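To start, the structure under review is shown below, and the notes come after it.
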Amino acid sequence: MSDITRGGQFLVKETKCDDIFTPEDFSEEQIMMRESVKEFVEKEIWPNKSRFESKDFKFTEEVMKKAGEMGFLSVAVPENYGGMGMGFVDTCLVCDYISGATGSFSTAFGAHTGIGTMPITLYGTEEQKQKYVPKLASGEWFGAYCLTEPGAGSDANSGKTKAVLSDDGTHYKITGQKMWISNAGFCSLFIVFARIEDDKNITGFIVENDATNGITLGEEEHKLGIRASSTRQVFFNETKVPVENMLSERGNGFKIAMNALNVGRIKLAAACLDAQRRVTTNAVIYANERVQFNTPISQFGAIRYKLAEMATSAYAGESATYRAAKSIEDRINARVAEGVSHQEAELKGVEEFAIECSILKVAVSEDVQNCADEGIQIYGGMGFSEDTPMESAWRDARIARIYEGTNEINRMLSVGMLIKKAMKGHVDLLGPAMKVQEELMGIPSFDAPDYSELFSEEKEMVGKLKKAFLMVAGAAVQKFGMDLDAHQQLLMAAADMLIEIYMAESTILRTEKLAKKEGEAKVVEQIAMAKLYLYKAVDIVALRGKESIISFADGDEQRMMLMGLRRFTKYTNMPNIVGLRETITSKLVAENSYCF
């Protein structure tokens, strides 16, 4: 397993295009699954979008049951518990294509298959798994996840809900209040986190939903988006839970919650992808049909700009999400091959790539919001109307930046986890950072580089962006040491640099792999998108790097680092950005859809 790239190593280890997985690598079985999911969505969800928007909670439950009958709820569940036992890429694939039509169903699906089922699959005893998981996999039962409390948001371990052991030692009595609980209105069981006595960490429990057992629900929350996703407060009043329903060990709840969030973050990124495709396709169709000044608005440069950017962000999101999903799957398979249990292998596999999961959560959730926002703008006044799909797409997209850990938390986590990995020796940041410092002190080469091969300059540029990050992060760690956590604006800026590096590299490697397979002439538009994304990434790295350097360095150190940043963000041959956008939009307009 030593030759498998570890989480975070993309920053210091060269990745070849043949070493990553892309959507073009889907197997026949995966393509069949994708088409099956798309057919389900087009039949059961998209035509009934108005029912979701009118808060038809019962309809959400009905469609979830149909998804269970189709097997879509069981993709990630091992076969011996009634599931399909498919790989991590497959689970992301189903999550991707089932989630794009409406955020209401996407949230219900994600909450059930992820945080509602997965904690039992990965942490449950054999008896717990045999008892509960088959019902959850089939859709006979639905699950919900009770972590958040009033006053305890991002600080998940600060919950006040108590679990008190009965005098006879047979059960715990749980008392407390949980809020923002997805699927609460129709779930059969809750994964509940409570504190036993004065334990430092919370403990997880499997609690069956029984109104006669001290469980009451608040009214449905009225929300900006995801309107038909059941979201309620849940109140526990000395709810009796058998001791055998403790999940994992006492005090292990915080670990369960954090690992569940790691999986949830990459699944959330996947869940935003088809939403972007749909918004882009609808925007293209409308732009082709809408005529102003005797011309379809798809011919106007201002609109073409937007369409190109929307498609590019969707393509980049696909590239990075499936790259990371396969990295996780490979890690899981390697662990299993070593004799590790499925539970342990999946936990460690996802935990290994927690940095990438946070990166994806931030990048794709913000891209889908921007995409929907531009979709409204292309529709103009009609985009603000409930008669078109844009306003609901915009409202649904907004929650993605909040749940599974806010984007602010995930930004800081991504850099913090990377530094911790370096301190443990899992990722060698110190060596490369020292080399960057030496390079800054040396004389730059003035030799004319050979950029004759596809993406030769772009890949060199990605390498320079990595140097820029290492320069900033290395100096910040030297300056602040363990106190770096206190400098949140610096961490946020460094995280933006890290995010753009992973997203840009993933897009370039996917396209390079595709060009080798199909020939450059057949993937002109994908090449344009890869170059366009990198161009914008370079600007972001330059801006955020400059903010970082000025925030903690001064004098000669500051001047040296700013000079290095300019060197690391300078193109030799600046791409024609307007031309790239024209290439992308021409294809979109001709195909009348997102067609990549």
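Overview of results
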item: Relative contact order of segment 38-166, defined on C-alpha pairs under 8 angstrom at six or more residues apart (%); result: 25
item: Cleavage-rule hits, trypsin sites (Lys or Arg not before Pro), segment 534-577, DSSP coil, Cβ neighbours within 10 Å at most 16; result: LYS570
item: Prolate/oblate/rounded call for segment 70-149, Cα gyration tensor, a/c under 1.5 rounded; result: oblate
item: Cβ-derived FRET efficiency at R0 35 Å, GLU582 paired with SER452, nearest 0.05; result: 0.90
item: Listed residues ALA152, SER445, ALA553: farthest to the positive end of the dipole of the chain (Cβ charges); result: ALA553
item: Sum of side-chain charges, ALA553 neighbourhood, beta-carbon under 13 Å (Lys, Arg +1; Asp, Glu -1); result: -1
item: Pairwise label distance in nanometres, ILE4 with GLN558, each label 7 Å out on the Cα-Cβ vector; result: 4.6
item: Pairwise label distance in nanometres, TYR305 with ASN201, each label 7 Å out on the Cα-Cβ vector; result: 5.1
item: Acute angle (nearest 10 degrees) that the helix 28-40 long axis makes with the longest principal axis of the chain, alpha-carbon atoms; result: 70
item: Size of segment 56-193 as Cα extents on the principal axes (Å, biggest first); result: 46, 32, 27
item: Sum of side-chain charges, GLY264 neighbourhood, beta-carbon under 15 Å (Lys, Arg +1; Asp, Glu -1); result: 0
item: Point-charge dipole on Cβ atoms (K/R +1, D/E -1) for segment 426-537, about Cα centre, debye to 20; result: 220
item: Percent of C-alpha pairs per 5 Å bin, segment 179-220, short to long; result: 5, 19, 26, 24, 15, 9, 2
item: Radius 13 Å from Cβ of VAL477, net charge of other residues (Lys, Arg +1; Asp, Glu -1); result: +1
item: Amide H contacts of GLU238 (H built 1.01 Å from N, under 5 Å, at least 5 apart or other chain); result: ILE174, THR175, GLY176
item: Accessible area expressed per residue, the chain, with surrounding protein chains retained (probe 1.4 Å, Å²); result: 42
item: Net length gained if the chain between MET482 and SER36 were fully extended (0.36 nm per residue, minus Cα distance); result: 155.6 nm
item: Cut-off under 5 Å, modelled amide H: who pairs with GLU149 long-range; result: MET179
item: Extension gain (nm, one decimal) between TYR571 and ASP168, 0.36 nm per residue minus Cα-Cα; result: 137.8 nm
item: For the chain, size of Cβ-based charge dipole, Lys and Arg +1, Asp and Glu -1, in debye; result: 800
item: Residue (of MET482, MET471, SER506) at the positive-pole extreme of segment 465-596, dipole from beta-carbon charges; result: SER506
item: Residue (of ALA211, HIS426, PHE26) at the positive-pole extreme of the chain, dipole from beta-carbon charges; result: HIS426
item: Value at 222 nm in deg cm²/dmol, rounded to 500, when DSSP H runs of n ≥ 4 in the chain each add -39,500 (n - 2.57); result: -19000 deg cm²/dmol
item: Gyration tensor (alpha-carbon) shape descriptor, the chain, a/c threshold 1.5; result: oblate
item: Rounded to whole Hz, the Karplus (6.51, -1.76, 1.60) HN-Hα couplings of segment 162-176, x for glycine and proline; result: 10, 10, 10, 6, 5, 4, 8, x, 8, 7, 9, 10, 9, 9, x
item: Degrees, to the nearest 10: 555-568 long Cα axis against longest axis of the chain; result: 80
item: Percent carbon-and-sulfur accessible area, segment 1-126, ignoring ligands, DNA and RNA, probe 1.4 Å; result: 49
item: Low-density loop cleavage sites - GluC sites (Glu not before Pro) in segment 400-461, where at most 15 other Cβ are within 10 Å (DSSP); result: GLU453
item: Rounded tilt (10° steps) of 342-352 against the dominant C-alpha axis of the chain; result: 40
item: Proximal lysines relative to LYS38, as straight alpha-carbon distance under 24 Å, when same-chain residues fewer than 8 apart are discounted; result: LYS49, LYS55, LYS58, LYS65, LYS66, LYS267, LYS326, LYS361, LYS587
item: Pair ALA521, MET434: separation of 7 Å Cα→Cβ label points (nm); result: 5.1
item: Efficiency of FRET from Cβ geometry, ASN333 and THR295, R₀ 41 Å, rounded to 0.05; result: 0.15
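The values are calculated or read from the model by the stated rules, or taken from the named source; none is laboratory data. Note that the structure is a prediction, hence the values are computed from the model and not measured. No Cβ is skipped: glycine too gets one built from the backbone with ideal geometry, and neighbour counts run over all protein chains shown. Note: areas computed on protein heavy atoms with side chains; ligands, DNA, RNA excluded. Shrake-Rupley method; radii C 1.70, N 1.55, O 1.52, S 1.80 Å.
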